[in-house]
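Colleague: Once you've had a glance at the structure underneath, I'll fire off some questions.
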Amino acid sequence: MSDSAPHCQFEILARDPGSHARCGRLRTAHGPVDTPVFMPVGTQAAVKAMTPAELQEADVGMILANTYHLHVRPGEEIVAAGGGLHRFMGWSGPILTDSGGFQVFSLAGLRKIRDDGVEFSSHVDGRRLFLGPREAMAIQARLGADVVMAFDECPPYPCDHEYACNAVRRTLQWAAVCAKAPRPPGQALFGIVQGGSYADLRRQCAAGLVEQGFDGYAIGGVSVGEPPDVLLEAVAATAACLPPERPRYLMGVGMMGQILAAVEQGVDMFDCVMPTRLARHGAAFTHRGHYSVRNAVWRADQRPLEEGCGCYACRHFSRAYIRHMVNVGEMLGVRLLTMHNLFCYMQFMRAVRAAVAEGRFRQFKAAFEDGLAAAGTVY
RNA sequence: GGUGGGGUACCGAAGUGGUCAACCGGGGCAGACUGUAAAUCUGUUGGCUAUGCCUUCGGACGUUCGAAUCGUCCCCCCACCA
């Protein structure tokens with residue numbers, strides 16, 4: 001076990017009696033975050049289509065940005081010269097940066113994996129780049145996020161045991177390098193558990209990381225195309241091996257139903273492109289699933305995106321109007337949908353926290369699933 | 001009035017004797033999206049009692065085994081000349 005003091009304080013405020021669900025508060029250099037928390041994705045130092053003020057209006061607490069993308073453009077030296085990521089992007093709340101490990105997976109074909117890191121061709125101009133644990137930590141130190149992630153290898157799905165085992169081996173080696181790398185004061189470091197769909201590898205990876213000692217632990221390597229039950233099994237197998245007093249972060253998930261299932265297993269943090277990307281693709285979220293506002297049925301519908309919603313888009317505009325904006329390609333449509341979807345997600349997370357705090361999480365989850373069933377939606 | 005060019009599906013636009021219900025764009029309709037190479041991508045877009053049939057390529061008549069494609073006449077549009 002590491003004897004260094006944690007760089008972020010995590011306090012558990014309530015535990016659900018009927019499950020592993022818990023409520024907590026993560027204290028970061030840029031303020032506290034109540035958990036379970038959903039972090040909208042702002043890969044390139046912006047949550048697409050939103051200003052920081054609009055994020056605040058939606059009650060967004062913490063956001064995520066990406067090491068690889070910001071290294072490629074504009075370069076961490078530009079961000080550092082702008083006073084660090086918070087000042088650069090005008091966001092004074094907590095930020096987490098992903099290490100770029102996921103891009104090893106998502107940009108497959110442009111890369112070559114070695115034991116000390118990954119050779120990339122930049123997806124922008126094709127120039128050769130090298131990203132390994134040292135590089136990722138150095139970049140993240142200059143970006144200055146509140147929480148940074150260890151550089152990991154995220155294998156694809158499906159992948160065989162041997163491949164996944166190698167990914168775990170490298171992920172553990174790289175994590176050790178990350179843990180020793182210098183960081184700015186107050187910057188927390190999370191390790192990432194890999195292991196694919198193999199419970200034994202998940203346990204092995206978790207144990208190895210816990211031995212090294214991190215401020216928090218992430219469950220990685222999920223939502224890479226695997227079936228929903230495989231995802232949940234990986235979450236359950238991993239969460240059970242993580243120290244209860246440290247925050248747990250399920251990377252890249254997801255849909256509301258998946259978030260509930262993971263909260264039930266004791267997961268505290270989430271991120272996903274779903275609310276923001278689907279907004280740009282014309283979909284509106286509700287507490288009973290999502291629908292496409294482009295569909296002809298909404299042509300003359302004067303109701304808001306979701307009845308009873310208090311977001312700016314719902315207070316001022318009809319589905320018919322937003323459908324029109326989307327169909328004619330006005331950027332306002334994308335902005336209003338993004339606002340709404342984030343508001344909807346944040347409201348959902350508030351409801352989750354309240355349910356856990358009040359010891360009625362199971363009922364809340366059951367009611368949510370009934371609502372989805374009634375709406376005919378399947379996640 | 002003359003000469004030349006042109007009228008193809010919701011729009012634009014290929015096609016100039018059979019493999020054409022007709023390439024391709026746009027628009028329309030629907031679907032996908034999970035640590036964002038993503039305001040992107042995919043499917044579909046005449047009708048039907050649907051492995052086949054029916055009605056379509058300005059209109060009518062004709063040539064041909066067979067016509068969006070060839071001929072005659074007519075109707076519209078555009079350019080130039082009077």
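The values are calculated or read from the model by the stated rules, or taken from the named source; none is laboratory data. Bear in mind the structure is a predicted one, so any value in this text is a computation, not a measurement. Ideal geometry is used to build each Cβ from the backbone, glycine not excepted, and the neighbour counts take in all protein chains shown. Ligands, DNA and RNA are excluded from the accessible area calculation, which covers all protein heavy atoms including side chains. Shrake-Rupley method; radii C 1.70, N 1.55, O 1.52, S 1.80 Å.
Colleague: If each of A:VAL230 and A:GLN173 carries a label point 7 Å out from its Cα toward its Cβ, how far apart are those two points in nm?
Modeller: Computed distance between label sites A:VAL230 and A:GLN173 equals 2.6 nm.
Colleague: Per the Debye formula with a single identical scatterer at each Cα and no solvent contribution, what log10 I(q)/I(0) holds for the stretch A:63-154 at q = 0.11, 0.15, 0.16, 0.18 Å⁻¹?
Modeller: After summing over all Cα pairs, the log10 values are -0.28, -0.52, -0.59, -0.74.
Colleague: Okay, next question. What net charge do the residues around A:SER318 carry, taking every other residue with its C-beta under 14 Å from that of A:SER318, with Lys and Arg at +1 and Asp and Glu at -1?
Modeller: +2
Colleague: Also, I was wondering about something else. Where does the charge balance sit around A:GLU233 when Lys and Arg score +1, Asp and Glu -1, over other residues with C-beta under 14 Å from its C-beta?
Modeller: Spelling it out: positives minus negatives among the neighbours equals -2.
Colleague: What are the equivalent ellipsoid semi-axes of the stretch A:316-375, built from the alpha-carbon gyration tensor (square roots of five times its eigenvalues), in whole angstrom, biggest first?
Modeller: They are 32, 14, 7 Å, listed largest first.
Colleague: Semi-axes of the equivalent ellipsoid for the stretch A:243-357, please: Cα gyration tensor eigenvalues, times 5, square-rooted, ordered largest first, whole Å.
Modeller: Computed over the stretch A:243-357, the values are 30, 14, 11 Å.
Colleague: Could you derive backbone 3J(HN,Hα) for the stretch A:213-224 from the dihedral phi with the Karplus parameters 6.51, -1.76 and 1.60 (θ = phi - 60°), listing whole Hz in sequence and x where the residue is Gly or Pro?
Modeller: In residue order, the calculated couplings are x, 10, 5, x, 10, 10, 9, x, x, 10, 6, 10 Hz.
Colleague: Just to be sure I understand: if I project the alpha-carbon convex hull of the stretch A:154-275 onto a plane and average over all orientations, what area do I get in nm²?
Modeller: 7.4
Colleague: Suppose R0 equals 22 Å. What FRET efficiency, 1/(1 + (r/R0)^6) with r the Cβ-Cβ distance, do A:ARG315 and A:GLN56 give to the nearest 0.05?
Modeller: 0.85
Colleague: What percent of all Cα-Cα pairs in the stretch A:209-308 falls into each 10 Å bin, going from 0 up to the bin containing the maximum distance?
Modeller: All Cα pairs, binned at 10 Å, distribute as 14, 38, 26, 16, 6, 1 percent.
Colleague: Could you please tell me the mean projected area of the C-alpha convex hull for the stretch A:125-222, averaged over all directions and given in square nanometres to one decimal?
Modeller: Projected area, direction-averaged: 6.9 nm².
Colleague: Among the aspartates and glutamates, select those whose C-alpha is under 15 Å from the C-alpha of A:LYS112, and discard any that sit fewer than 8 residues away in the same chain.
Modeller: Counting by Cα, and skipping residues close in sequence, A:LYS112 has these aspartates and glutamates nearby: A:ASP152, A:GLU153.
Colleague: Under a 1.4 Å probe, what is the accessible area of chain A per residue, stated in Å²?
Modeller: Computed with neighbouring chains in place, this is 40 Å² per residue.
Colleague: Run through all the Cα pairs of the stretch A:189-241 and give the fraction in each 5 Å bin from 0, expressed as whole percent.
Modeller: Here the calculated profile for the stretch A:189-241 is 4, 24, 33, 21, 12, 4, 0.
Colleague: Taking 7 Å along the Cα-to-C-beta vector as the label spot, tell me the A:ALA296-A:ALA108 distance in nanometres, rounded to one decimal.
Modeller: Computed distance between label sites A:ALA296 and A:ALA108 equals 4.0 nm.
Colleague: As a test, work out the antiparallel percent of DSSP beta bridges whose residues both lie in chain A, rounded to the nearest 5.
Modeller: 50
Colleague: Still on this structure, please answer the following. Using a probe of 1.4 angstrom, how much of the accessible area of the stretch A:62-215 is carbon and sulfur, in percent?
Modeller: Carbon-and-sulfur percentage of accessible area, whole number: 54.
Colleague: In whole Å and largest first, what semi-axes does the C-alpha gyration tensor of the stretch A:23-120 yield when each eigenvalue is scaled by 5 and square-rooted?
Modeller: Calculated on Cα positions only, the semi-axes equal 26, 16, 13 Å.
Colleague: Helix A:331-357 against the longest principal axis of chain A: what's the angle in degrees, Cα atoms only, rounded to the nearest 10?
Modeller: 70
Colleague: How large are Rg and Dmax for the stretch A:144-187 when only the alpha carbon atoms are used, in Å?
Modeller: 13.3, 40
Colleague: Taking the Cα-to-Cβ direction at A:ASP115 and at A:ARG127 and moving 7 Å from each Cα, how far apart do the two end points lie in nm?
Modeller: It is 3.0 nm.
Colleague: Further, regarding this structure: Given Cα positions, please report Rg to Rh for chain A, the hydrodynamic radius being the Kirkwood one.
Modeller: My calculation of the ratio gives 0.96.
Colleague: May I pose another question? Return the calculated 222 nm mean residue ellipticity for chain A, to the nearest 500 deg cm²/dmol, obtained by summing -39500 (n - 2.57) across DSSP H runs with n ≥ 4 and dividing by the residue count.
Modeller: -12500 deg cm²/dmol
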